[in-house]
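Below is one structure, written out as structure tokens; the observations come after it.
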Amino acid sequence: MKIAVVGTGYVGLVTGTCFAETGNDVTCVDIDSNKITKLKSGEITIYEPGLEKIFLRNLKENRLHFTTDLAEGIKDAAIIFLALPTPPGEDGSADLKYILGVAGELGKLLTDYKVIIDKSTVPVGTAERVRAAVAATYKGEFDVVSNPEFLREGVAVDDFMKPDRVVIGTNSERARKVMGDLYAPFVRQGNPVIFMDERSAELTKYAANSFLAVKISFMNEIARLCEKLGADVDMVRKGIGSDERIGKRFLFPGIGYGGSCFPKDVQALVRSSSEVNYEFEILNAVMKVNEEQKLHLIPGIKKYFNNNLTGKKFALWGLAFKPNTDDIREAPALYMIDALIKEGAIITAFDPEGMKNVKASIGDTITYAENQYEALEDADALIIATEWNEFRTPDFSKIAAKLKNKAIFDGRNLFDLAALRDLGFHYESVGRAIVN
Ligand code: NAD
């Protein structure tokens, strides 16, 4: 099939590459000419494990093309994916200007039947608005389908190639057939393609992300309670996770969720709810808990340094909002940096993939180390904000030798309390006893 993907970011590039990998002819369109020049010349623009290899293979096989020209991109395509940003507007609702803008342009360009697919996360009713924007100038036949994307950054290729499920919202038999054929290679092991009406499909994506955010904020509140009651959140997590109704995943406490999806999607669902006079009370609490949680380690750090962080130097391990990505959008580390700098602290950070984006965003507000141990030079303490695998079993003797104080503040509960006690560290984590 000939496919166009409009928007070549985290979702668009993965979507385009994976559809090319199953033999389709894919053209990815983006207004960012820099990005398109790089991609055309074989330079990958995001860090995503496993993506580069299949990107290069499909580029070489001439199944993957890139352009800044929408007309050229959609020319022979039977299917057009919209993988465009839907950032929060001023009131928290999803800003649809990119989606509706491109839909309006498509209306001027279409000459025959095409299936236009909302892959972006969009509020209920967007498919109808996209349809109206196209139909304002194009009077021929076309379908608009809601096909929300559930991939997770860091494992996006696997998630796309072997999805738990594919959700397709459409009432059109013709579009249903096209979508079923397109996704058939991805669900050969029997994972379901769930067809539904477009409004339910649109809501499914928000419900999924919001539910996961509920789990995170719930566990973070349990962690706070553990600290006050002298319980250990790791034990509680194991205790409840073995109940199949609860499940083991997504029960890890920490310094809050970040990224480009959970914060904006929870906010957008709250906003959509209030537009129909419904106060989504659980999600209001989830957002509040998460805001506070990002700074959960700060009081402990201040207390350790007698409430005076002026001139104190911190090594910060981890900047990306989670491991295995270079995405720093809404990363808890950035909130911590902001809070610590305001207190007069000085920060040297290391992140395996996120430093380039942080440099572009906050420049020399902090310094950047070549590796995790270099960040420790001359530091008063170590703070951990992202659970990269390489931080999990560090050389503690090196850490102890480099730090001025043997103090670690860990927002991701990477280390064993007894081990850190034996090594003589002051160690604070989330929802567990303080090791002194
Ligand atoms: P992104 O910012 O990484 O990529 C969006 C791309 O669209 C950018 O490259 C931008 O230059 C391009 N663009 C903007 N206007 C354009 C236009 N008029 N024409 C062509 N290209 C244009 O965003 P993303 O993370 O890929 O997210 C896209 C959508 O998918 C969002 O709605 C998001 O909520 C949703 N989503 C994201 C993820 C994720 O993990 N990132 C997962 C599932 C769903």
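The values are calculated or read from the model by the stated rules, or taken from the named source; none is laboratory data. Values in this document were obtained by computation on a predicted structure and should not be read as measured data. Note that we place each Cβ from the backbone using ideal geometry, even for glycine, and neighbour counts take in every protein chain shown. With ligands, DNA and RNA removed, areas are computed over all heavy atoms of the protein, side chains included. Shrake-Rupley method; radii C 1.70, N 1.55, O 1.52, S 1.80 Å.
Computed from label points 7 Å out along Cα-Cβ, the spacing between ASN191 and LYS248 is 1.9 nm. Counting alpha carbon pairs within less than 8 Å and at least 6 residues apart, what relative contact order, in whole percent, applies to the range 77-140? In percent, rounded to a whole number, it is 43. Between helix 281-293 and the chain there is an angle of about 50 degrees, using the helix long axis and the longest principal axis of the Cα atoms. Overall form of the range 126-208: prolate. Here a/c, set by the Cα gyration tensor axes a ≥ b ≥ c, is 1.5 or more, and a/b is the larger of a/b and b/c. At the residue level, CYS261 shows approximately 50 square angstrom of accessible surface with a 1.4 angstrom probe and all protein chains present.
Mean projected area of the convex hull spanned by the Cα atoms of the range 205-293, taken over all viewing directions: 6.2 nm². Picking from VAL29, VAL124, SER93, whose Cα lies most toward the positive end of the charge dipole for the range 28-130 (charges on Cβ: Lys, Arg +1; Asp, Glu -1)? Result: VAL29. With just the Cα atoms defining each centre, how far is the range 364-435 from the range 204-234? Give it in Å. Centre-to-centre distance over Cα atoms comes out at 24 Å. Of the listed residues ARG63, ARG199, ARG432, the order by accessible area with a 1.4 Å probe, largest first, is ARG199, ARG63, ARG432. Taking a cut-off of 18 Å, what percent of all Cα-Cα pairs in the range 359-413 are separated by more than that? Within the range 359-413, distances greater than 18 Å cover 36 percent of Cα pairs.
The Rg/Rh ratio for the range 279-436 is 0.96, where Rg is the radius of gyration of the alpha carbons and Rh is the Kirkwood radius. Among VAL145, ALA213, ILE44, flag the residue with its Cα farthest along the positive direction of the charge dipole of the chain, charges on Cβ as +1 for Lys/Arg and -1 for Asp/Glu. The one lying farthest along the dipole's positive direction is ALA213.
For the range 1-27, the residues whose backbone nitrogen is under 11 Å from a point 7 Å from the Cα of ALA78, taken along Cα to Cβ, are 1-3, 25. Heavy-atom accessible surface of TYR113, to the nearest 10 Å², is about 50 Å², with a 1.4 Å probe and all protein chains retained. If you sort the three axes of the alpha carbon gyration tensor as a ≥ b ≥ c, you get a/c under 1.5 for the range 2-196, which makes it rounded. Working from Cα pairs under 8 Å separated by at least six residues, relative contact order for the chain is 12 percent. As a length-normalised measure over Cα pairs under 8 Å and 6 or more apart, the relative contact order of the range 2-196 settles at 19 percent. Using only side-chain charges placed at the Cβ, +1 for Lys and Arg and -1 for Asp and Glu, the dipole size of the chain relative to its Cα centre rounds to 400 debye. How much of the accessible area of the chain, probe 1.4 Å, is carbon plus sulfur, in whole percent? That share works out to 51 percent. Highest mean first, the peptides 236-248, 141-153 sorted by other C-beta atoms within 10 Å per residue fall in the order 141-153, 236-248.
Centre-to-centre, using Cα atoms only, the range 3-60 and the range 253-318 are separated by 33 Å.
What lysines does LYS302 reach when the alpha-carbon gap must be under 17 Å and sequence neighbours fewer than 8 apart in one chain are set aside? Counting by Cα, and skipping residues close in sequence, LYS302 has these lysines nearby: LYS294, LYS312, LYS313, LYS342, LYS404, LYS406. Remark: spin-label model distance LYS238-ASP69 equals 6.2 nm, labels positioned 7 Å along the Cα→Cβ axis.
Only the Cβ atoms of Lys and Arg (+1) and of Asp and Glu (-1) were treated as charged; on that basis the dipole of the range 205-293 about its Cα centre amounts to roughly 260 debye. Working from label points 7 Å from Cα in the Cα-to-Cβ sense, the GLU374 to ALA184 distance is 5.3 nm. For the chain, the Cα-based Rg and Dmax, in that order, read 23.5, 74 Å.
Rolling a 1.4 Å probe over the heavy atoms of the protein chains gives the range 2-196 an accessible area of 43 Å² per residue. Here the peptides 322-333, 32-43 are ranked by packing, the mean other Cβ count within 10 Å, and the order with the highest first is 322-333, 32-43.
By a 1.4 Å probe calculation restricted to protein chains, THR17 has an accessible surface near 0 Å², given to the nearest 10. In this structure, SER200 and ALA136 have a Cβ-Cβ separation that, at R0 = 30 Å, corresponds to a calculated FRET efficiency of about 0.70.
For helix 173-183, report the angle its Cα long axis makes with the longest principal axis of the Cα atoms of the chain; keep it between 0 and 90° and round to the nearest 10°. Result, in degrees: 50.
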